[in-house]
Structures are given as structure tokens and as C-alpha cells.
1. Mind ordering 31-38, 69-76 by average Cβ neighbours within 10 Å, highest first?
2. In whole Hz and in residue order, list the ³J(HN,Hα) couplings for region 61-67 that follow from phi through the Karplus curve 6.51 cos²θ - 1.76 cosθ + 1.60, θ = phi - 60°; x for Gly and Pro.
3. Can you compute the modelled spin-label distance between ALA41 and ARG22, with each label point 7 Å from Cα toward Cβ, in nm?
4. For GLY48, what is the net charge nearby, where nearby means another residue's Cβ is under 11 Å from its Cβ and Lys, Arg count +1, Asp, Glu -1?
5. I need the phi-derived Karplus couplings for region 36-46: 6.51 cos²θ - 1.76 cosθ + 1.60, θ = phi - 60°, integer Hz, Gly and Pro marked x.
6. HN-Hα J couplings of region 74-83 from phi, Karplus 6.51/-1.76/1.60, θ = phi - 60°, integer Hz, Gly and Pro as x?
Amino acid sequence: MTLTRTVRLSADNGLHARPAVRVTQLVRSFCCAVEISLDAAGPWIDAGSIVKLMAGRLLPGSLVHLRATGTDAEAALTALVSLLGDGPSEGESPSNASGH
């Protein structure tokens, strides 16, 4: 099963070098695959890759979509929303992982 959440990046927390490092470290601490996108339809970026995150142009105030698959998916998304967001997530939904 794949879980998704949507969060607005806090005004001072665009994904430049330091926040991107924190995201990748956080993602790697969980047993799941995590991806991030500016559009719910994709393209999706591997949130465990500092290079891909930095290239993703995830600017302060951007609405980003997170999805995670694996044992720790729920915990990983909760931690990421807390790290990235300026408030509670704007949406959360489980979805079928087939095709993703």
C-alpha cells in the first residue's frame, strides 16, 4: 500500500542544501521508499537522493506531494510533514501502489 500526503513547504524551508540533506537523512532512517513531487501526477523525485531533491526546484511556499511505500510509510510521512511544513498536512490518503 502507498500512502500520500500533501504539504506546503514552510516559507523559510525551501529545499536548498541544508534542508535537502535533512530530508534525505530522515528518509533513509525509515524502512520505506519515499518520493516527492510538485504535481500529484508526477514526475516523482526520490526523496532519498540529495542530487534529485536539489534539482527538483522545491521552493519555499511550494505545495508538494509526498508518497511512501513500505513498512514505515506512515511514520516517514508524518516526520516529513513535520520537517517540511508550516502546519498540518493538507491531505492524506492511502492508495493502491499498483502502477506507481
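1. Numbers: 31-38: 19.5, 69-76: 17.4.
The packing order, highest mean first, is 31-38, 69-76.
2. x, 5, 8, 10, 10, 10, 9
3. 3.3 nm
4. Working: positive: ARG28, LYS52; negative: GLU35, ASP46.
That works out to 0.
5. Each residue of region 36-46 in turn: 9, 8, 7, 9, 4, 8, x, x, 9, 10, 5 Hz.
6. So the Karplus estimates, Gly and Pro as x, are 5, 5, 5, 5, 4, 5, 5, 4, 5, 5 Hz.
Values quoted throughout were computed directly from the atomic coordinates according to the rules given, and no laboratory measurement underlies them. What you see is a predicted model, and the numbers here were worked out from it, not measured in a lab. Cβ sites come from the backbone with ideal geometry, for glycine too, and all protein chains shown count toward neighbours.
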